[in-house]
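A.B. asks: This is the structure I want to talk about, given as structure tokens.
Computed from the coordinates by the stated procedures, all read-outs in this text should not be read as laboratory data. Values in this document were obtained by computation on a predicted structure and should not be read as measured data. Cβ atoms come from the backbone with ideal geometry, glycine included; neighbour counts cover every protein chain shown.
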Amino acid sequence: MKHIILIFLLSFQIFSLVFANGGSIDVSYFKKTGNIRLLQKADISLLKEDLRIKIISDTTFIEVTYLLKNNGNTQTVYYGFPVDLYDTARWEGEAFVRKGYEKIKYFEAFVDGKPRKHSYWEQGNAYQSNMYSRNSLTKDVPIHRHWHQLNLHFEKDSLQELVIRYAVENRKIDGLGGLSFLPYATARNFVYDLFPSSSWSDGIVQDFSVTLDLSNLKKNRYKYEITGLENLQIDKDSVGIYNLTTKNFDLKERSFISIEYKNYDIIKGHYLPKIYSKLNVISIASSTPNANYLIDENPKTVWKGKEGDWVLVRFAIRLERNIIDSTRPIPINPKGIIILNGDYSSKENFDTSPKIETVQIKANDILLRKYLEYDKKKGAINYTSFIKLEKSNWFLANENIFEVGQSPLEREFIQSLSDPNVSVWKTHIETIAIYITKSSSESKEVSISDLYFF
């Protein structure tokens with residue numbers, strides 16, 4: 001396969017856009033300058049364009065079908081289709097890995113139903129304008145662009161159907177910051193620009209249709225936002241499929257489709273067991289019966305209590321070698337806690353069960369605090385020991401308990417202690433006590449299916 005590394009001029013206006021839709025390219029200009037530009041083909045019309053986009057978790061699958069008509073003499077057109085890849089980072093195993101640019105999962109081209117070979121050119125040092133995303137991390141997002149090129153041969157007054165199928169990873173940066181317990185995950189973003197296909201004829205497609213399948217995002221309760229393309233209609237069943245069918249759509253308007261979504265729960269569920277090991281509990285006690293239900297890793301066994309009740313957990317003392325001072329071993333402490341908040345024995349029981357709203361937590365009888373805000377008037381930081389839990393959710397599609405589990409801590413246990421004299425290097429956390437301070441129910445009762453300590 002032809003493989004050419006290109007150096008592109010960033011000041012060239014067309015490169016400020018995220019490309020997806022393909023178009024006719026000027027090969028002679030490329031040979032002279034090393035840059036790509038679209039070539040207007042006035043005698044080839046775009047009769048139909050059918051675009052189908054489906055997002056599953058972090059991957060977008062695209063299939064676009066064009067019906068082209070040659071209104072002139074026999075000719076060969078050099079067709080280019082650009083695919084943009086984002087710089088990403090994520091956890092793999094126990095290490096944080098900056099992955100560089102994601103790879104295209106696959107790219108296929110079909111002409112009149114038959115597979116067509118293609119070459120590709122890689123363009124580095126390109127930038128996507130942040131005009132497509134309200135939550136871009138930086139003003140300009142670095143991208144790596146792949147131009148896939150194939151030749152389209154047209155007989156005089158002929159029709160030709162071109163189908164492009166490919167899949168890419170969406171933009172993301174995941175990781176673990178500083179001494180935090182919970183992993184972080186940026187919003188995911190996918191953009192499809194319609195403008196490059198305006199290089200056909202007058203830039204107007206006679207029959208234009210779009211199907212945007214976000215049913216996987218909807219099913220997993222991801223929050224998403226669609227911008228760019230107007231008049232998309234959601235399906236009657238509201239499963240997350242959007243459609244648009246229109247006539248004489250003007251591609252010169254640089255219309256685009258941008259989908260930005262947050263799937264933090266599934267990211268948390270994926271990374272937590274990869275980053276940490278679950279701690280073994282020596283003993284567990286509580287102010288009400290069945291404390292052992294909390295550590296049996298069985299969501300169908302449920303501990304029940306009420307406001308004012310407590311749970312006390314004891315851990316073994318574990319030490320590791322101090323490479324700086326071998327005479328002072330370092331304690332291996334719990335990093336954090338995940339609470340399966342509610343009765344997860346069945347969907348019906350979960351919906352009706354009372355849940356915890358706030359807790360207080362003590363490590364070695366020292367109260368943990370959570371940062372609230374900086375008080376400018378007092379010149380001090382406000383903390384609270386009453387830690388609020390987020391709203392509980394029933395299992396997602398993957399039924400991963402860590403996706404729906406909640407943590408009262410964002411930072412590691414040892415970094416949440418209120419006593420300023422506590423030393424990370426000296427203190428070993430032997431006991432953790434959880435006090436129920438507020439229930440979601442007027443009965444003041446609560447239900448917990450499981451506790452996980454990492």
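A.B. asks: In whole angstrom, how far apart do the alpha carbon centroids of the stretch 242-264 and the stretch 185-205 sit?
C.D. replies: Each part reduced to its Cα centre gives a spacing of 8 Å.
A.B. asks: Would you kindly compute the Cα radius of gyration of the stretch 221-326 and its largest Cα-Cα separation (Dmax), both in Å?
C.D. replies: Rg then Dmax for the stretch 221-326, in Å: 25.9, 76.
A.B. asks: Just want to confirm a number: the relative contact order over the stretch 276-453, from Cα pairs under 8 angstrom separated by 6+ residues, in percent.
C.D. replies: 37 percent
A.B. asks: Neighbour counts of other C-beta atoms within 10 Å: give me Thr76, Thr288 arranged from fewest to most.
C.D. replies: With the sparsest Cβ surroundings first, the list reads Thr76, Thr288.
A.B. asks: Based on alpha-carbon positions alone, could you give the equivalent ellipsoid semi-axes of the stretch 299-421 from the gyration tensor, as √(5λ), descending, whole Å?
C.D. replies: Square roots of five times the eigenvalues give 31, 22, 14 Å.
A.B. asks: So which lysines pass the test for Lys41, namely a Cα distance under 23 Å, with those fewer than 8 places away in the same chain ruled out?
C.D. replies: Within reach: Lys31, Lys32, Lys69, Lys117, Lys156, Lys247, Lys252.
A.B. asks: Rg and Dmax of the stretch 355-408, Cα atoms, in Å?
C.D. replies: 15.3, 47
A.B. asks: Taking the Cβ of Glu307 as the centre, find all other residues whose Cβ is under 15 Å away and add up their charges (Lys, Arg: +1; Asp, Glu: -1).
C.D. replies: Local net charge: +2.
A.B. asks: Just to be sure I understand the model, the point goes 7 Å from the Cα along the line to the Cβ. What's the resulting Ile381 to Asp207 distance in nm?
C.D. replies: Rounded to a tenth, the inter-label distance reads 6.3 nm.
A.B. asks: Could I ask something else about it? Please list, in chain and number order, the residues 5+ apart from Glu430 or on another chain whose amide H is under 5 Å from its amide H, with Hs placed from the backbone.
C.D. replies: Asn364
A.B. asks: Sticking with this one: Provide, for q = 0.17, 0.23, 0.24, 0.27 Å⁻¹, the log10 of I(q)/I(0) from a solvent-free Debye sum over equal Cα point scatterers in the stretch 170-252.
C.D. replies: Taken in order of the listed q values, log10 I(q)/I(0) reads -0.85, -1.16, -1.20, -1.32.
A.B. asks: What does the highest-first list of 366-372, 338-344 look like by mean Cβ count within 10 Å?
C.D. replies: Per-residue Cβ counts within 10 Å, averaged per peptide and sorted highest first, yield 338-344, 366-372.
A.B. asks: Something else now. Would you pull out the residues with amide H under 5 Å of Ile56's amide H, same chain only if 5 or more places away, H placed 1.01 Å from N?
C.D. replies: Answer set, sorted by chain and number: Phe61.
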